[in-house]
């Protein structure tokens with residue numbers, strides 16, 4: 001959970017794609033891997049929203065944030081997120097589009113991790129993340145289902161500005177990824193909306209789950 005200082009078209013801040021993406025991803029993770037997923041009494045997977053200043057943060061092996069191009073962290077949140085990542089935590093961010101969102105995210109994560117020591121680098125298919133479980137040849141561009149339906153199948157939500165999606169990361173001194181970011185793509189909508197349209201599911205959900213599961217399995221094993 002974080003505070004925002006502006007709004008991006010199609011975004012809702014920290015609760016973008018929440019909670020259905022969390023629920024569906026947990027189900028698929030338990031089906032496609034041997035990962036144990038805890039459940040509530042009604043059988044629905046547990047999911048947790050946590051503030052960066054909450055001590056519960058340090059019980060979380062990985063975090064996910066959406067729409068981070070509108071995020072503004074307090075100084076206290078910056079310190080806690082830095083402590084979490086340096087201690088071995090992992091952050092995955094997704095579903096932020098265009099240059100303005102990228103620039104704001106870079107500014108905020110740069111307050112957390114000094115870019116001179118922890119630079120953002122492109123991740124290429126040679127990185128183990130691309131084959132942690134599934135073989136991924138390139139990052140898919142997945143649009144929100146609303147954009148896809150409204151445009152008759154378009155995938156770039158910001159036109160030419162976001163025509164090519166990218167995946168980047170920040171590693172610690174030992175080469176372990178601490179932060180992974182998928183920009184100009186909406187991986188988690190492939191989880192959230194998997195049951196709404198069979199065409200959308202077959203076009204995007206298998207690839208979306210492949211990316212997400214690779215990220216999580218990497219986070220839990222490194």
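The values are calculated or read from the model by the stated rules, or taken from the named source; none is laboratory data. Computed from a predicted structure; not experimentally measured. Here Cβ is always computed from backbone atoms with ideal geometry, including for glycine, and neighbour counts include all displayed protein chains.
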Determine, yes or no, whether residue 194 is in a loop (DSSP other than H, G, I, E, B) and surrounded by 21 or more Cβ atoms within 10 Å (Cβ to Cβ).
-> yes
Note down all Cβ pairs under 6 Å where the first residue falls in the stretch 152-166 and is over 21 Å from residue 200 (Cβ atoms), the second is not in a helix (DSSP H, G or I), and they're at least six residues apart or on different chains.
-> 166/183
From the set of residues in the stretch 23-50 that are touching a residue at least 40 places away in the same chain (Cβ under 8 Å) and surrounded by 14 or more Cβ atoms within 10 Å (Cβ to Cβ), which is nearest to the chain's Cα centre (by Cα)?
-> 25
Given the structure, is residue 8 assigned to a loop (DSSP other than H, G, I, E, B), out of contact with any strand residue (DSSP E or B) (no Cβ under 8 Å at 6 or more places or on another chain), within 29 Å of residue 141 (Cβ to Cβ) and in contact (Cβ under 8 Å) with a residue 60 or more places away in the chain?
-> yes
Within the stretch 114-123, the residues that are within 17 Å of the chain's Cα centre (by Cα) and in a loop (DSSP other than H, G, I, E, B) are 120, 123
Look through 33, 53, 74 and report the one residue that is over 19 Å from residue 109 (Cα atoms) and at pLDDT 95 or above.
-> 33
Which members of the stretch 129-146 meet the condition of being in contact with a helix residue (DSSP H, G or I) (Cβ under 7 Å, 6 or more places away or on another chain) and surrounded by fewer than 19 Cβ atoms within 10 Å (Cβ to Cβ)?
-> 133, 134, 136
Of all residues in the stretch 85-113 being more than 16 Å from the chain's Cα centre (by Cα) and assigned to a loop (DSSP other than H, G, I, E, B), which is surrounded by the fewest Cβ atoms within 10 Å (Cβ to Cβ)?
-> 87
Given the residues 71, 65, which is the only one that is under 17 Å from the mean Cα position of the chain (by Cα) and surrounded by fewer than 23 Cβ atoms within 10 Å (Cβ to Cβ)?
-> 65
Among (1) within 19 Å of residue 16 (Cα to Cα); (2) assigned to a helix (DSSP H, G or I); (3) under 17 Å from the mean Cα position of the chain (by Cα); (4) free of Cβ contacts under 8 Å to residues at least 60 places away in the same chain, the one test that residue 200 misses = (3)
Apart from one, (1) at pLDDT 95 or above; (2) more than 26 Å from residue 175 (Cα to Cα); (3) part of a loop (DSSP other than H, G, I, E, B) all hold for residue 41; the odd one out is (1)
The one condition in (1) surrounded by 15 or more Cβ atoms within 10 Å (Cβ to Cβ); (2) in contact with a helix residue (DSSP H, G or I) (Cβ under 9 Å, 6 or more places away or on another chain) that residue 124 fails to fulfil | (1)
Specify which of the listed residues (180, 164) is surrounded by fewer than 20 Cβ atoms within 10 Å (Cβ to Cβ) and either within 24 Å of residue 100 (Cβ to Cβ) or touching a strand residue (DSSP E or B) at 6+ places or on another chain (Cβ under 8 Å) (or both).
-> 164
